[in-house]
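One structure is given here, and the rest of the page talks about it.
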Amino acid sequence: MVTALFTGLYEDDPCYYSGEYPKLHLNRIKYDDNCIKTGSGSEFRQEITSDDDLYNKILPSINEYDILYFNQTCYSQTFTCSNTTITFKNVIDRLIAAFPDKVALSQSCKPFPKPPNITAVSCTLSKETCVSPCTLTVTVVWKNDGGTAGKFTPAIKVGVDRISQPIITLYPGETITYNFIVNNRPVGSYNVCPDPN
């Protein structure tokens, strides 16, 4: 895994070349899996015509690196030449929204938090056979084994019908158990399973 920390857009006189658009380069430090520095350099040295243009010039780095960090210097930078203003905050916010599992703000290299991973780890029925009229209890345990909190809707499916509870937040390592009551079903066979939603 290769991590890149972008530490700022720099140029002594960004408007010197054309006067209309800033010509900038993006400083970058590379790290290995253990956050040990393996190199440094810059990503490009080109004129930037708009925030969209800067976003598109950074996109190739999404494929080149496993993780992209931008420090506070990057986040707060603004460059203006003639009538063109480049606001790096707009670009970084857009990158984080588009690639939340790869892009974040950080002052240094650090392990990237894993996204939430909420799954049903068990599903048990109070009885296998139910003679109508009867009530069946379905007990489901969900766990978040990801690295960040996540919201989800606890739900099961009984045949084609869905029974759900209100949306909740499950934190890393946390489990939660719900009992669902199933009754008043026509005679027949039903598949009962947690709904992955």
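The values are calculated or read from the model by the stated rules, or taken from the named source; none is laboratory data. Just so it is clear, the model here is predicted, and its values are computed rather than measured. Cβ sites come from the backbone with ideal geometry, for glycine too, and all protein chains shown count toward neighbours.
Quick notes on this one:
- Only one of Val131, Val140 that is of a type in the set (A, V, I, L, M) and in contact with a Pro (Cβ under 6 Å, 6 or more places away or on another chain): Val140
- Residue within segment 48-66 that is among the acidic types (Asp, Glu), crowded, with 16+ Cβ neighbours inside 10 Å, part of a strand (DSSP E or B) and outside the structural domain of Gly173 (by TED's automatic domain parsing) present: no
- For segment 117-145, a residue qualifies if it is polar (S, T, N, Q) and part of a strand (DSSP E or B), and the qualifying residues are Thr119, Ser122, Thr124, Thr135, Thr137, Thr139, Asn144.
- Considering the conditions (1) crowded, with 16+ Cβ neighbours inside 10 Å; (2) in contact with a helix residue (DSSP H, G or I) (Cβ under 7 Å, 6 or more places away or on another chain); (3) not aliphatic (A, V, I, L, M), Lys157 is excluded by exactly one of them, (2).
- Glu43 meets each of the listed conditions (1) part of a helix (DSSP H, G or I); (2) at pLDDT below 85; (3) of a type in the set (Asp, Glu) apart from (1).
- Scanning segment 90-112 for residues that are more than 17 Å from Leu5 (Cβ to Cβ) and either at pLDDT 90 or above or not assigned by TED's automatic domain parsing to the domain that holds Leu54 (or both) yields Asn90, Asp93, Arg94, Ala97, Ala98.
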